[in-house]
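See structure below.
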Amino acid sequence: MNRYVEDVIAYVKRKYADQKEFVQTVEEVFASISPVIDRHPEYVKADLLKRMVEPERMFRFRVVWTDDEGRVNTNVGWRCQFNGAIGPYKGGLRFKNNVNESIIKFLGFEQTFKNSLTGLPIGGAKGGSDFDPAGKSDAEIMRFCQSFMSALYRYIGPDIDVPAGDIGVGGREIGYLYGQYRRLKGVFENGVLTGKGLSYGGSLIRPEATGYGAIYYLEEVLKAHNDSLMGKKIAVSGYGNVSWGIMKKAAQLGAKVTYMSGSQGYIHDEEGISTDEKLDFILALRESNSKNLKSYAERFNCEFVEGGKFWGVDDVDIYMPAATQNEVDLEDARKIVKAGIKYYLEVSNMPTTAEAIEYLKENGVIVAPSKAVNAGGVGVSALEMAQNSQRLVWTAEEVDARLKVMMQGIYEKSVDAANRYGLGYDLIAGANIAGFEKVAQAMMEQGIF
Ligand code: 2IT
């Protein structure tokens, strides 16, 4: 590895020893771009990498809200404006009880390279709170979102920083957040958030975009291996809107999702989670606090394995982890290899531990990284921003067609970048290099700061 890259990784490990997810991401990305640094001594002279690991700005704020019983609750909110070299800061908000500074920073760092890969002018950011919407009433969620936005609104804007959803933040939360922004600022500036409802500036296809994009990317991978989606079976972890989008687009293109998992266990539906009725059921499942995956098995008469994880099942062609970070460890990777799985596409951000990725690659599994596979979500967010700034609305077909071209572009850029550095067919290194190159160039051209 390049000596400077090694030094910066060691520095980050030392300085941020307690931020395990952040360190893991920096190591993965910087190990990949080491050959780029070899060819660009001017990047070392400008100390580019050390500058890249420090967010341009990051803040933490108090979020106080009153619950339905009248009790006062205090949570912590964060916004990390990681890198604005190629566009306004852009990235989601995550509301979940395990959110901390390490998770926000890892997501913001990843977002920087992902957003660059989309080819659109968006910088990298992330934010969120240790507030957990699960089990909260609608009124509590509204009060929380209003309080969160009251703390944040001065620091964001359509040309400054554009938050969106992530785990725990969907259309409902974005609606409350936008309402409070508009109320405080007294201006209809809907380009400040993406993932909005259609009635006030949301984009068609945004809810589906991450999942649809993942399937378009998969299509490119299969094409490169003289294969196609037709008749393929897919195992997907998670049942949020990303998994739902995967199921929907897979069904449209002749493939099917036969496994789906949640924290309580997994479902095996050999016929595929493909019909409108089943897809609508998944949506309702996500929105309800009371129902769980078992109710799907009861309704559609299929198998539910309580408490289990499906890693290791061998009656599928493709695995797509789409739930959360570090859901697949070395032990799971061993099972996946043993099952003879050929394609493993990360969809959630960093779902695989570093050792697990290593093991999958060493054993010939084709691994695609989340920052490429899930980039269609933020990519369509950028299309939502474009529509908002032009005060017009594109059709679903138009957005979907642009999304497809974007995903093909991301795939091609990744393959090309790995080739240019003599790395062969390496979708992980390729995505990291292609994402890095544009940000690095923009930072170099804008001077030292
Ligand atoms: O991880 C992600 O790319 C997102 N949560 C979407 C971010 C966005 O701004 O649409």
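The values are calculated or read from the model by the stated rules, or taken from the named source; none is laboratory data. Because the structure is predicted, anything quoted here is derived from the model rather than measured. All Cβ positions, glycine included, derive from the backbone under ideal geometry; neighbour counts span all protein chains shown.
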**Asked** Residue check: is residue 86 in contact with a strand residue (DSSP E or B) (Cβ under 7 Å, 6 or more places away or on another chain), crowded, with 17+ Cβ neighbours inside 10 Å and touching a residue at least 60 places away in the same chain (Cβ under 8 Å)?
**Response** yes
**Asked** Looking at the stretch 318-338, which of its residues are among the hydrophobic types (A, V, I, L, M, F, W, C) and in contact with a strand residue (DSSP E or B) (Cβ under 9 Å, 6 or more places away or on another chain)?
**Response** 318, 320, 322, 323, 328, 333, 336
**Those residues of the stretch 245-274 which are part of a strand (DSSP E or B), over 13 Å from residue 319 (Cα atoms) and among the basic types (Lys, Arg), in sequence order** = none
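Of the residues 242, 257, which is surrounded by 24 or more Cβ atoms within 10 Å (Cβ to Cβ) and under 30 Å from residue 152 (Cβ atoms)?
Going through 242, 257 in turn, just one is surrounded by 24 or more Cβ atoms within 10 Å (Cβ to Cβ) and under 30 Å from residue 152 (Cβ atoms): 242.
Considering each of 401, 396, 417, 339 in turn, give the residue that is at pLDDT 95 or above, over 23 Å from residue 250 (Cα atoms) and either of a type in the set (D, E, K, R) or away from the ligand (no atom under 16 Å from the Cβ) (or both). Talk me through it step by step, then tell me what you get.
Numbers: 401 fails: over 23 Å from residue 250 (Cα atoms); 396 fails: over 23 Å from residue 250 (Cα atoms); 339 fails: over 23 Å from residue 250 (Cα atoms).
Step by step, each of 401, 396, 417, 339 is checked, and only 417 is at pLDDT 95 or above, over 23 Å from residue 250 (Cα atoms) and either of a type in the set (D, E, K, R) or away from the ligand (no atom under 16 Å from the Cβ) (or both).
Whether any residue in the stretch 51-59 is in a loop (DSSP other than H, G, I, E, B), crowded, with 21+ Cβ neighbours inside 10 Å and either touching a helix residue (DSSP H, G or I) at 6+ places or on another chain (Cβ under 6 Å) or touching a residue at least 60 places away in the same chain (Cβ under 8 Å) (or both) is what I want to check.
Checked the stretch 51-59: at least one residue is in a loop (DSSP other than H, G, I, E, B), crowded, with 21+ Cβ neighbours inside 10 Å and either touching a helix residue (DSSP H, G or I) at 6+ places or on another chain (Cβ under 6 Å) or touching a residue at least 60 places away in the same chain (Cβ under 8 Å) (or both).
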**Asked** Going by the conditions given, is residue 277 part of a loop (DSSP other than H, G, I, E, B), modelled with pLDDT of 95 or more and touching a Phe, Trp or Tyr at 6+ places or on another chain (Cβ under 9 Å)?
**Response** no
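Touching an Asp or Glu at 6+ places or on another chain (Cβ under 6 Å) and modelled with pLDDT of 95 or more, is that true of residue 361? Working first, answer last.
Numbers: touching an Asp or Glu at 6+ places or on another chain (Cβ under 6 Å): no; modelled with pLDDT of 95 or more: yes.
In short, no.
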**Message:** Taking the criterion of being part of a strand (DSSP E or B) and more than 22 Å from residue 409 (Cβ to Cβ), would at least one residue in the stretch 94-117 satisfy it?
**Reply:** yes
**Request:** For residue 251, state whether it is more than 24 Å from residue 394 (Cβ to Cβ) and aliphatic (A, V, I, L, M).
**Result:** no
**Prompt:** Scanning for something more than 22 Å from the chain's Cα centre (by Cα), more than 16 Å from the ligand (Cβ to nearest atom) and at positive phi, does the stretch 363-384 turn up at least one residue?
**Reply:** yes
**Item:** First in the stretch 297-323 and under 11 Å from residue 339 (Cβ atoms), second anywhere and small (Gly, Ala, Ser) and surrounded by fewer than 15 Cβ atoms within 10 Å (Cβ to Cβ), Cβ under 7 Å, 6 or more apart
**Value:** 314/340
**Asked** Would you call residue 312 farther than 15 Å from residue 243 by Cβ, surrounded by fewer than 15 Cβ atoms within 10 Å (Cβ to Cβ) and more than 16 Å from the ligand (Cβ to nearest atom)?
**Response** no
**Request:** Determine which single condition residue 100 fails, assuming it passes every other condition in (1) of a type outside the set (Asp, Glu); (2) within 16 Å of the ligand (Cβ to nearest atom); (3) over 14 Å from the mean Cα position of the chain (by Cα).
**Result:** (2)
**Complete:** Counting only residues that are closer than 19 Å to residue 65 by Cβ and among the hydrophobic types (A, V, I, L, M, F, W, C), the stretch 168-192 contains a total of 4
**Item:** Flag if residue 368 is surrounded by 24 or more Cβ atoms within 10 Å (Cβ to Cβ) and over 14 Å from residue 194 (Cα atoms)
**Value:** yes
